[in-house]
Amino acid sequence: MLFGDKLCLVGLGIDISERKRTERLLLDSESKHRVLFEEAADANLLMDEKGFLDCNAAALQMFGYSSKAEVLTLHPSEFSPPSQPDGTSAREGSERNIANAFLNGKNRFEWVHRRKNGETFPAEVCITALTLNGRPAQLGTVRDITERKRAEEQIITLAR
């Protein structure tokens, strides 16, 4: 830049330390939440109104799938036998439970699930409604309660 007959250099300095600190905090937060989701002992399945968005390794193991891509193509009812012990169809029941979670913020219930190999097992399910990227979503957490059910049956048998 010329200033009169002299060549001048103009510089501008901006302190970006606050922005860098905020970026670091955001990355730390994302990392922490990713670890909590991925490393949970219970199956975690993240979904929106279109279907599954993500699942953790525990979900793959619990349901007997080898890849997330395979799980993400399924409807929630496909993790169940065609009907529940009370006669409710898997599709009707899963959609009702999902709707209840959206309505009430959370829905906790017991459900019979099915692994990819066809084996069924009892589970405790908690579906939590949340907002993800400004859109409604849900986190489904599934816990295999086979051992608890066996213990309950044993207690009932012993009490007779």
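Quick notes
- Loop GluC sites (Glu not before Pro), the range 61-160 (other Cβ atoms within 10 Å of the site Cβ: 16 or fewer; DSSP): 119
- Calculated from backbone phi, Karplus (6.51, -1.76, 1.60) coupling profile of the range 93-104 in Hz, x at Gly/Pro: x, 5, 5, 5, 5, 5, 4, 4, 5, 4, 5, 9
- Rounded to the nearest 10 Å², the accessible area of residue 103 at probe 1.4 Å: 140
- Within the range 41-107, the trypsin sites (Lys or Arg not before Pro) that combine a DSSP coil assignment with at most 10 other C-beta atoms in a 10 angstrom radius are 50.
- Local electrostatic count, residue 42, Cβ distance below 10 Å [Lys/Arg +1, Asp/Glu -1]: -1
- Distances between placed amide hydrogens fall under 5 Å for residue 113 paired with 121, 123, all partners being 5 or more residues away or on another chain.
- Ellipsoid semi-axes in whole angstrom, largest first, where each is sqrt(5λ) of the Cα gyration tensor of the chain: 50, 17, 15
- In straight-distance terms, cross-link reach from residue 116 covers every one of the lysines whose alpha-carbon lies under 30 Å from its own, apart from those fewer than eight places away in the same chain; here that gives 50, 68, 106, 149.
- Charge dipole (Cα centre; +1 on Lys/Arg Cβ, -1 on Asp/Glu Cβ; no other charges) of the chain amounts to roughly 100 debye.
- Extension gain for the segment residue 119 to residue 15, taken as residue separation times 0.36 nm less the Cα-Cα distance, is 31.4 nm to one decimal.
- For the range 2-8, backbone phi angles converted through the Karplus equation (6.51, -1.76, 1.60; θ = phi - 60°) give residue-by-residue couplings of 9, 10, x, 9, 10, 7, 10 Hz, Gly and Pro being listed as x.
- Distance between modelled label sites at residue 48 and residue 67, nm, 7 Å Cα→Cβ extension: 2.3
- For the range 77-160, the normalised intensity computed at q = 0.16, 0.24, 0.27 Å⁻¹ comes to -0.70, -1.15, -1.27 (log10 of I(q)/I(0), Debye sum over alpha carbons, equal scatterers, no solvent).
- Couplings 3J(HN,Hα) of the range 26-42, computed from phi: 5, 5, 4, 5, 4, 5, 4, 5, 5, 5, 4, 5, 5, 8, 4, 6, 8 Hz, in residue order, whole Hz [Karplus 6.51 cos²θ - 1.76 cosθ + 1.60, θ = phi - 60°; x for Gly and Pro].
- Summing charges over neighbours of residue 146, with a neighbour being any other residue whose Cβ is under 15 Å away from its Cβ, gives -2 when K and R count +1 and D and E count -1.
- The range 28-74: C-alpha gyration tensor shape, a/c 1.5 cut-off, then a/b vs b/c: oblate
The values are calculated or read from the model by the stated rules, or taken from the named source; none is laboratory data. The structure presented is a predicted model; accordingly, all values stated were derived computationally and were not measured. FYI the Cβ positions are ideal-geometry reconstructions off the backbone, even for glycines, and counts take in every protein chain you see. With ligands, DNA and RNA removed, areas are computed over all heavy atoms of the protein, side chains included. Shrake-Rupley method; radii C 1.70, N 1.55, O 1.52, S 1.80 Å.
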